[in-house]
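See structure below.
Every number in this text was worked out from the coordinates using simple rules, so none of it is lab data. Quick caveat, the model's predicted, so the values are computed rather than measured. All Cβ positions, even for glycine, are placed from backbone atoms using ideal geometry, and neighbour counts span all protein chains on display.
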Amino acid sequence: MRYLKKHFHAIQVDTSKLLGSGTYGYVYEGKFNGDPVAVKQMTTTTAQKEIIQREMNSHIELNHVNVVKLFDVADSADNRFTQLVLELCAGTLADYCEKKYSGPKLPPDELVLYQIANGLDYIHSRNLVHRDIKPENILISMTTPIQMKVSDLSFVKKTRQDIFSQSKIRGTLLWMDPERLKFLNDTENPENKSADLPDGTIKSDTFSSGCVFFYFLTRGTHPFGKNQATTPANIVQNNPVEFDSYKQSLAADDVNGRILAGLIEKMIQFEEEERIGLPEVLKQLATLLYGMDKSKCQFRLVKAPFDGKYSIRSHPTEPILARAIKKELIFYTAENWSIPFSNWREKVTCLPILDVESTLLLEWNMNGTQLAVGAAGSVVVWSYPECNILFQKIFSSYINVIEWNPTRPNLFATFHWWISENQIAVSSSDGKIRIFEMGDNILTTTRLVKEFAHDGDCYYLEWNERTQYLASGGGGQIHVNHLFIDIWSMDHDIPVYSLGLENVWGPTIAWRLCTADGEEEGGIETARKSAKNFTFAYRDVFPKRETWEWSPLHRTGDFLQPEAMRN
């Protein structure tokens with residue numbers, strides 16, 4: 001068990017500035033290595049040591065914009081307290097609703113709710129349940145743009161498949177789910193014996209969050225009653241008196257209000273199995289945000305902490321990302337596309353023996369049931385989600401391409417690019433691009449149907465199904481370090497478009513397949529006339545990344561160039 005005892009000399013606590021208090025300690029303003037922080041002081045009695053250890057071990061590993069950051073844990077100089085050094089915030093959600101908050105302006109209500117759900121879902125994605133979600137434990141960041149932050153992990157518990165065991169009921173009565181409150185009120189078990197405690201699920205946090213959502217939208221009203229003395233009883237009796245009144249008073253034209261009310265109603269369902277989970281909450285809130293004026297919303301880039309040489313590929317239909325690095329195949333999964341990547345769950349599978357020093361190739365088949373992994377001269381095909389090895393082979397030469405057939409889920413090619421169900425394109429160092437057609441016996445019978453003469457080496461090919469064009473990338477023979485991206489039609493022997501770029505060499509190109517937006521009715525010819533269907537990204541061997549986009553092309557000199565390009 002990890003326990004830090006260090007840096008007590010770097011922590012300064014101003015006990016005259018009390019920020020808040022909880023079950024196990026007081027929170028004061030302070031400084032850590034000179035920077036403003038919040039310091040939670042917890043008396044280190046033997047009985048509380050286990051609580052402190054649990055909160056520290058679970059919290060210090062968390063890193064999310066909507067979860068309060070724990071920087072360090074240390075004993076006080078007199079050894080009377082254990083001190084948790086936390087991110088300093090401007091106030092709590094309770095402060096805001098009680099008009100005690102004086103910090104920066106909060107974002108739109110829908111975004112506030114999304115951030116709360118986002119932080120809690122992240123905690124769940126790390127196989128933890130919070131068990132004490134309430135307005136006092138939702139903090140507001142000091143920095144702008146404002147971020148809501150879930151705090152106080154004193155009652156956090158490890159979960160397995162979203163279920164957790166209970167030795168004692170933990171939490172705050174006003175915000176507790178009915179299944180735990182019913183147990184506390186059970187007169188046949190007045191001592192709350194641990195042997196009789198049922199397992200809980202992360203949907204207990206969903207119920208508490210639904211109550212907090214309503215509290216925030218109404219600026220201070222609990223959905224199960226304004227009287228704190230009767231609120232727990234109303235929860236147990238499934239009597240959301242204030243919520244029912246709120247729904248009846250909603251204006252007919254308050255579309256977002258009705259949607260949010262419907263969402264909260266699903267979150268505070270009495271029966272646990274009827275309660276929706278946070279992934280669905282995020283999905284519905286994201287739908288609301290996408291419909292809002294984007295100038296009112298906040299967007300941020302979330303960087304994944306990926307190190308070393310690796311390859312990543314997105315599943316063709318589901319929110320699944322595969323990552324291969326060294327001897328590990330890692331899958332990141334989420335319930336829907338609205339879940340931010342930082343909240344996706346991770347599953348690690350050991351790879352068979354491969355050349356781990358090489359950059360790995362990684363490709364899903366057409367329906368996402370198989371994943372091919374390649375390194376140097378080895379290829380392994382895994383089944384998904386079972387992760388069984390279906391195919392394994394060592395080839396005599398280095399493999400730089402794995403290409404699945406677009407219609408047959410069990411067929412892939414190396415060194416070739418599929419351009420249809422029975423046609424493949426092959427590039428070579430002699431500047432030739434050859435199109436072969438497979439016969440009935442697709443693995444052995446081939447027929448050369450087309451040959452293109454590329455200017456110099458051809459390193460990469462990319463087929464675009466919408467335009468029925470083939471793009472090639474390679475270097476020119478006349479101009480050193482000159483890249484050509486040529487676009488070929490099966491109806492011509494020379495490129496229909498060409499782009500020359502100086503001082504680059506050895507690229508991998510990607511041709512973006514844009515959203516059709518009604519182009520299907522016009523077919524291939526309409527797609528070929530649309531500028532948005534001609535956007536490429538290329539990777540040079542030098543540390544440089546560029547993306548070029550162009551409009552209709554015209555002839556200049558010896559090859560075609562775009563009229564307009566923008567970086």
(request) Return P(r) of the stretch 374-415 (all Cα-Cα pairs; 5 Å bins starting at 0; whole %; ordered from short to long distances). (result) 6, 20, 28, 26, 16, 4
(request) Provide the FRET efficiency to the nearest 0.05 for the Ser102-Val496 pair, computing r from the beta carbons and using R0 = 45 Å. (result) 0.10
(request) Return the distance in nm (one decimal) between the two label points of a simple spin-label model at Ile163 and Thr407, each offset 7 Å from Cα along Cα→Cβ. (result) 4.6 nm
(request) Order the peptides 207-220, 321-334, 92-105 from the highest to the lowest mean number of other Cβ atoms within 10 Å of their residues. (result) 207-220, 321-334, 92-105
(request) For a quick protection proxy, order the peptides 397-403, 108-114 by their average other-Cβ count within 10 Å, most packed first. (result) 108-114, 397-403
(request) Starting from the Cα of Ser21, step 7 Å along the direction of its Cβ; do the same at Gln248; then give the gap between the two resulting points in nm. (result) 4.0 nm
(request) Can you tell me which of 375-383, 133-141, 27-35 comes out highest on packing, and rank the rest after it, using the mean Cβ neighbours within 10 Å? (result) 133-141, 375-383, 27-35
(message) Along its three principal axes, how long is the stretch 93-296 when you only count alpha carbons? Whole Å, largest extent first please.
(response) 54, 37, 32
(request) For each of Arg313, Arg160, count neighbouring Cβ atoms within 10 Å of the residue's Cβ, then give the residues from fewest to most. (result) Arg160, Arg313
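Convex hull over the Cα atoms of the stretch 357-441, averaged projected area in nm²?
Values: hull surface 25.7 nm².
With the hull built on Cα positions only, its mean projection is 6.4 nm².
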(request) Over 17 Å, how big is the tail of the calculated P(r) for the stretch 79-135, in percent of all Cα pairs? (result) 57 percent
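For the pair Glu273 and Ile389, what calculated FRET efficiency results from E = 1/(1 + (r/R0)^6), where r is the Cβ-Cβ distance and R0 = 45 Å, to the nearest 0.05?
Working: r = 37 Å, r/R0 = 0.83.
Efficiency for this residue pair is about 0.75.
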(request) Return P(r) of the stretch 31-129 (all Cα-Cα pairs; 5 Å bins starting at 0; whole %; ordered from short to long distances). (result) 2, 11, 17, 19, 19, 16, 10, 4, 1, 0
(request) Provide the net charge surrounding Ala471, with neighbours chosen by a C-beta distance below 9 Å and charges set as Lys +1, Arg +1, Asp -1, Glu -1. (result) -2
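Cα-Cα pairs above 14 Å in the stretch 309-394: how many percent?
Details: 2206 of 3655 pairs.
Here the long-distance tail beyond 14 Å is 60 percent of all Cα pairs in the stretch 309-394.
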